[in-house]
Amino acid sequence: MLCPKLSNQHIQLTPYSLMNVRLATQVLSGTTSQALTTFGPPEAAATALYCDYLDKFFDCLNVKNCNEYVFKRKLMLKPYTSLDDERFEWLLKTFLQYFKEWKESIKNRPGDFTASEQSKMFISWQTFESLQITCHSTVELIKYLLSDNVKYVLSERFSQDPLDNYFSRQRSMGSRRDKSNARVFGYQDNTIRNSK
């Protein structure tokens, strides 16, 4: 079976499963790309490339340990150890360029399309902007750490979850207030810190 992880759950989506990252990464994977390339019609080549690029992108950002890349046979999961890592160029020049060319091709597409119709032919502008920010900041952060004598970098360790959790607690504590100020924020910060 070429795509063993794919099931009806990946096709018949519910409001909850629409937001499930695991399902998305299983669909936008290297195995899906290979299946489309091997068994799909010629028109599926662009979708196969899209799946392959997103699989590699996810791998670049999810390097978990020093050995996973060996077991999974995926070089994109190798720990970052060099300032000249090929993945930096791939992220900035190949991956982001793919989306820029896609966006440009929509502008130059023959036909009289409205702005709304054109926007449906591309990923959302928020997603495109987030991809650019993520790629540039990840590359710069890894290079900074490696240049500061860090032996290797595991990109999966980069997480904004603690920051999200902190501000979520700040918002929930101030839910009855229409306006907040530095004094209230500081009081809530002390409460959060002391509750640990």
Checklist entry - Would you say SER33 is under 29 Å from THR138 (Cα atoms), open to solvent by less than 60 Å² (accessible area, probe 1.4 Å) and at pLDDT 85 or above? => result yes
Checklist entry - When both residues are 6+ apart or on different chains and their Cβ atoms are under 8 Å apart, which pairs have a first residue that lies in region 1-17 and is at pLDDT 80 or above, and a second that is open to solvent by less than 90 Å² (accessible area, probe 1.4 Å) and part of a loop (DSSP other than H, G, I, E, B)? => result LYS5/SER29
Item to check | Residues that are more than 24 Å from ASP59 (Cα to Cα) and of a type in the set (Gly, Ala, Ser), drawn from region 82-126 | outcome: SER105, GLY111, ALA115, SER116, SER119
Next on the checklist: I'd like the full set of residues that are open to solvent by 90 Å² or more (accessible area, probe 1.4 Å) and either assigned to a helix (DSSP H, G or I) or of a type in the set (A, V, I, L, M) (or both), limited to region 105-125.
Outcome noted: LYS107, TRP125
Next on the checklist: Restricting to region 74-103, name every residue that is open to solvent by 50 Å² or more (accessible area, probe 1.4 Å) and either under 12 Å from TYR152 (Cα atoms) or assigned to a loop (DSSP other than H, G, I, E, B) (or both).
Outcome noted: LYS74, LYS78, THR81, LEU83, ASP84
Next on the checklist: Looking for something in a loop (DSSP other than H, G, I, E, B), of a type outside the set (Val, Ile, Thr), farther than 20 Å from ALA46 by Cα and open to solvent by less than 70 Å² (accessible area, probe 1.4 Å) - is there at least one such residue anywhere in region 132-152?
Outcome noted: no
Checklist entry - Among all residue pairs at least 6 apart or on different chains, which show Cβ distances below 6 Å where the first residue, located in region 49-67, is closer than 22 Å to TRP102 by Cα and hydroxyl-bearing (Ser, Thr, Tyr) and the second is part of a helix (DSSP H, G or I) and open to solvent by less than 20 Å² (accessible area, probe 1.4 Å)? => result TYR53/PHE95
Next on the checklist: Being over 20 Å from LEU54 (Cβ atoms), within 16 Å of the chain's Cα centre (by Cα) and open to solvent by 60 Å² or more (accessible area, probe 1.4 Å): is that true of ASP161 here?
Outcome noted: yes
Checklist entry - Here are GLU43, GLU86: which of them is within 23 Å of LEU141 (Cβ to Cβ) and either touching a Cys at 6+ places or on another chain (Cβ under 8 Å) or not small (Gly, Ala, Ser) (or both)? => result GLU86
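The values are calculated or read from the model by the stated rules, or taken from the named source; none is laboratory data. What you are looking at is a predicted structure, and each value in this text was computed from that prediction instead of being measured. Neighbour counts run over all protein chains shown; Cβ positions are idealised from the backbone, glycine included. Side chains included, ligands, DNA and RNA excluded: accessible areas come from the protein's heavy atoms. Shrake-Rupley method; radii C 1.70, N 1.55, O 1.52, S 1.80 Å.
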